[in-house]
Amino acid sequence: MAHEETRTVETRTAMTSTERGTAAETSTPDTTSGAGRTRAWATRLVVVGIVLSALNLRPAITSLGALLEEVRDGLGMSGSVAGLLTSVPPLCFAVFGVTAPRLARRFGPAAVVCAGMVAITAGLLIRPFAGGTPGFLAASALALMGIAVSNVLMPVIVKRWFPDRVGSMTGLYSMALALGTSLAAAVTVPLTDAMGGGWRSGLAVWAVIAATAVLPWLPLVRDRGTAPAPPQQRPAKEQHARVARQAPAAQHAPLRITRSRTAWALAVFFGLQATAAYVTMGWMPQIFRDAGVPAGTAGVLLAVTMVMGVPLAFVIPRVATRLPHQGPIVLVLGVCGLAGYTGLYVAPAAGAWAWALLLGVSNCAFPLALTMVGMRARSGAGVAQLSAFAQSTGYLISIPGPLLVGVLYQQSGGWGLPIALMATLMVPQIVVGFLAGRDRTVEDEVAAH
């Protein structure tokens, strides 16, 4: 016992004055342990909220695609209006997503994401029973508004709560997003049949799942902080370094994001990958069916393409954050896309499964783009602005793609020209992806002007 006491005295004596000063600030066991438990509980809640939110960021779109014919018949919707529905999601993402940073600065990102989940729930619940095409479109826009602000703020939430795990957390919610996308496409029709065959109930059921995503955010709506952990939990040198790095960003916020070449490259990359994704979701089954593939098999092929995003969306961000330059990943995904489109052009039916797999890999440019958003900005405010700019601009770029593919198909009477267009777009996607993948931040580029 005496020996232990002596050892304790020696240890205390050996403490430097700096260590004693730090200890004096942080040595209240009750408050420190209480704060630690609160932080751990809140962190677990954020993880649950991120996963549930990501699961609900696409079912509003893919569940409608599965029942589009029934919705058209039920509402007496014209073919042109139904075709316009394919371009409504990116339009809403572009228009509403740009408001997310301002809302986050005023109310906090957690509160805005919570409101976004409420909007998704309300929109999904209202639209099947709105009573006509205008009401259906308005309710769909409400749900898409919630999706838009949540899309933009997911990277911000990750940067704010998990600054040292951007890759793994981006991979987690990208995987959940891909799972929700494929799940809604696969089970909406069976669910509708199980509930009596009414398309209204088949669409409304997704509101129940969206409502569960509101719950984890409710205890966090008052959280407006910018640091993921109390300052005393970081070494003093690291604290000073982080403050020094973030000071310029704070002084010049909001950033003049349009002066950053990296921001523009990332926005164009985001737009081109979104174009490919929406064309794939909207037209790939028809390409296979026109090539002689049975309708049921064509649907399964689309599901295979979408399911590829579940494991790869988790792996790619983790790999990307360990590389100083994400260009090699951009190249691999682009080559897979070129190979897939070439296969669709040459032998769409003979190699259908291979082309579906290759295009599924290529479509994983989406989680890579989200990861680069978190890596190309230094501060939480910078991530919010970059995310809003890249996604809003990117979705604007993607709007004409599905419509142009439909026009080329109708005018040419085949899929040769549309497929050639998509293959051609892979080249600039690779180029701007390389530029966006360079190891630099938008804050530094803006400051250099």
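Restricting to helices (runs of 4 or more DSSP H) lying wholly in the range 132-230: which have 1 or more residues that are under 20 Å from Thr38 (Cα atoms)?
Filter on the range 132-230 gives 133-161.
Name, by its number, the condition in (1) at pLDDT below 80; (2) open to solvent by 40 Å² or more (accessible area, probe 1.4 Å) that does not hold for Glu70.
Of everything listed in (1) at pLDDT below 80; (2) open to solvent by 40 Å² or more (accessible area, probe 1.4 Å), Glu70 misses just condition (1).
Give me a count of the residues in the range 335-357 that are buried (at least 24 other Cβ atoms within 10 Å of the Cβ) and under 26 Å from the mean Cα position of the chain (by Cα).
5
Give me the residue from the range 272-298 that is among the small types (Gly, Ala, Ser) and within 27 Å of Ile397 (Cα to Cα) and, out of that set, farthest from the chain's Cα centre (by Cα).
Looking at residues that are among the small types (Gly, Ala, Ser) and within 27 Å of Ile397 (Cα to Cα), I get Gly282.
Output the residues belonging to the range 288-309 that are under 18 Å from Leu68 (Cα atoms) and either open to solvent by less than 40 Å² (accessible area, probe 1.4 Å) or in contact (Cβ under 8 Å) with a residue 12 or more places away in the chain (or both).
Across the range 288-309, the qualifying residues are Ala298, Gly299, Leu302, Ala303.
How many of the residues in the range 311-334 are crowded, with 19+ Cβ neighbours inside 10 Å and in a helix (DSSP H, G or I)?
Residues in the range 311-334 being crowded, with 19+ Cβ neighbours inside 10 Å and in a helix (DSSP H, G or I): 10 in total.
Take the range 55-67 and flag every residue that is assigned to a loop (DSSP other than H, G, I, E, B) and at pLDDT 85 or above.
Asn56, Leu57, Arg58
From the residues in the range 123-170 that are under 20 Å from Val95 (Cβ atoms) and without any contact (Cβ under 8 Å) to a residue 24 or more places away in the chain, which one is most open to solvent (accessible area, probe 1.4 Å)?
Result: Pro134.
All but one of (1) open to solvent by less than 10 Å² (accessible area, probe 1.4 Å); (2) farther than 15 Å from Ala277 by Cβ hold for Leu368; which doesn't?
(2) is the only condition that Leu368 fails.
Among the residues of the range 251-294, count how many are closer than 26 Å to Thr342 by Cα and basic (Lys, Arg).
1
Do we have any residue at all in the range 263-285 that's surrounded by fewer than 18 Cβ atoms within 10 Å (Cβ to Cβ) and assigned to a helix (DSSP H, G or I)?
no
The values are calculated or read from the model by the stated rules, or taken from the named source; none is laboratory data. None of these values were measured; they are calculated from a predicted model. Here the Cβ is made from the backbone with ideal geometry for all residues, glycine too, and neighbour counts use every protein chain on show. The protein model used for the area step is the full one, side chains on, heavy atoms only, and it has no ligands, DNA or RNA in it. Shrake-Rupley method; radii C 1.70, N 1.55, O 1.52, S 1.80 Å.
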